[in-house]
1. Taking the condition without any contact (Cβ under 8 Å) to a residue 40 or more places away in the chain and either hydrophobic (A, V, I, L, M, F, W, C) or not in a loop (DSSP other than H, G, I, E, B) (or both), does LEU278 pass?
2. From ALA67, ALA95, ALA58, which residue is under 30 Å from ALA209 (Cβ atoms), among the small types (Gly, Ala, Ser) and part of a strand (DSSP E or B)?
3. Just to check your reading of the model, which residue among TYR127, TYR151 is among the aromatic types (Phe, Trp, Tyr) and within 24 Å of ARG103 (Cα to Cα)?
4. If you go through the range 137-174, how many residues are touching a Leu at 6+ places or on another chain (Cβ under 9 Å) and surrounded by fewer than 14 Cβ atoms within 10 Å (Cβ to Cβ)?
5. So in the range 65-77, with the set limited to residues that are crowded, with 16+ Cβ neighbours inside 10 Å and not polar (S, T, N, Q), which one is farthest from GLU281 (Cα to Cα)?
6. Could you please find all residues in the range 283-313 being over 21 Å from ARG39 (Cβ atoms), assigned to a loop (DSSP other than H, G, I, E, B) and touching a residue at least 24 places away in the same chain (Cβ under 8 Å)?
7. Name the single residue that is surrounded by the fewest Cβ atoms within 10 Å (Cβ to Cβ) among those in the range 261-290 being more than 28 Å from ARG226 (Cα to Cα) and among the hydrophobic types (A, V, I, L, M, F, W, C).
8. Give the residue, chosen from ILE176, ILE156, that is in a helix (DSSP H, G or I) and either over 30 Å from ALA246 (Cβ atoms) or out of contact with any strand residue (DSSP E or B) (no Cβ under 9 Å at 6 or more places or on another chain) (or both).
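Nothing in this text is a laboratory measurement; each read-out follows from the coordinates by a stated rule. Just so you know, these numbers come straight off a predicted model, no measurement behind them. Glycine gets a Cβ as well: all are built from the backbone with ideal geometry, and neighbour counts include every protein chain shown.
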Amino acid sequence: MKKTLVLLVVIAVFAGLIVFRGYQQKKVGSQIPEEETVRVEVVTLKEIDLSDVVEFSATIEPEEQSAVVPKVPGRTVLEVFVSEGDKVKKGQPLASLDTSIIRQQLEEARSFYETAAADNKRYQALYEEEVVSRQVADQARTRYIQARSAYEQARIMSGYHTITAPSEGVIARRLIDPGDTAPQGPAFLIFRQDNVKAVGSIPERNYHAVRPGHKVILSVDAVPGRDFEAEISSISPVIDPVTRTAKIEVTLPSEGLVLPGMFARSRITAGERKAVVLPREAVGRLAGTGESVCYVVEGEIAVLRIIGTGVEQGGFVEITEGLSPEEEVITTRSRSVRDGTRIEVYSR
């Protein structure tokens, strides 16, 4: 009997412990955890002078280029005197064409001309002697003039069988070889590239900020570590309605380094203006939309705010909308700072 009583007491104690433990766990689980407070630094909008910088990508092109088109297409190419990359002067022979047909035409024209000239001289003399009529003399003179014109034309055409350079420059493309038939299109492309031009497009919003003569700094991928100074030579007078951009050309000396076909990045400083800014670390991007955001202080809470931004310069981001001058913006970079986070400002 005594053993049974002891056993019941032990069981009761264990049961009480289990019940008490369950009560403690339930009580702990029902308690609301104390919210973490994040210490942050804040700033307000700051007004600074910003440089108006316009940036665009460009392709290098020759300042001048000539397409050399044969004046007598269809003739066989006999010789080509130049190769791609050769420098040529104005009037320098580039290729020769078969002259067998024009030689025959020239000989026939010369013979007809000489005959017509002799006939004209004879008939004019006979007319003065009143042996032939004025009409006959005029007909002889007409034949002479026509023959002379045909002969001169044949002589000019014979000169076209040597293709010459219309300007000095570099042979950029050679499109014919010996044995080819002279094309109706270009046989050579000549680039004059003492100077080159960088051709690109600027957005519509920057159109009125730039003018011909403005200085431009270009960096060329093929010439790393060096910037080239140039100036705007022309800007399109119209905006492309599809791309909302305007064509811009920048001229610069090639120095033998900047060659047609290269890629360049261009930067134009078009003046200064006042702007309100935030430090770069205070501005983020909203995942999914890419909108610019920051966290502002409302009481003791961080609140997410969508803002409008402009240019980024010197560690600052221009703020165009969404903030008032007196609002405090959190600059502390921390994953703990979210919309609704309790905060403590420790530095302003």
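1. In short, no.
2. The match here is ALA58.
3. When all the criteria are applied, what remains is TYR151.
4. Residues flagged as touching a Leu at 6+ places or on another chain (Cβ under 9 Å) and surrounded by fewer than 14 Cβ atoms within 10 Å (Cβ to Cβ) within the range 137-174 amount to 1.
5. That would be ARG75.
6. ILE307
7. Within the range 261-290, the match that is surrounded by the fewest Cβ atoms within 10 Å (Cβ to Cβ) is ALA287.
8. Step by step, each of ILE176, ILE156 is checked, and only ILE156 is in a helix (DSSP H, G or I) and either over 30 Å from ALA246 (Cβ atoms) or out of contact with any strand residue (DSSP E or B) (no Cβ under 9 Å at 6 or more places or on another chain) (or both).
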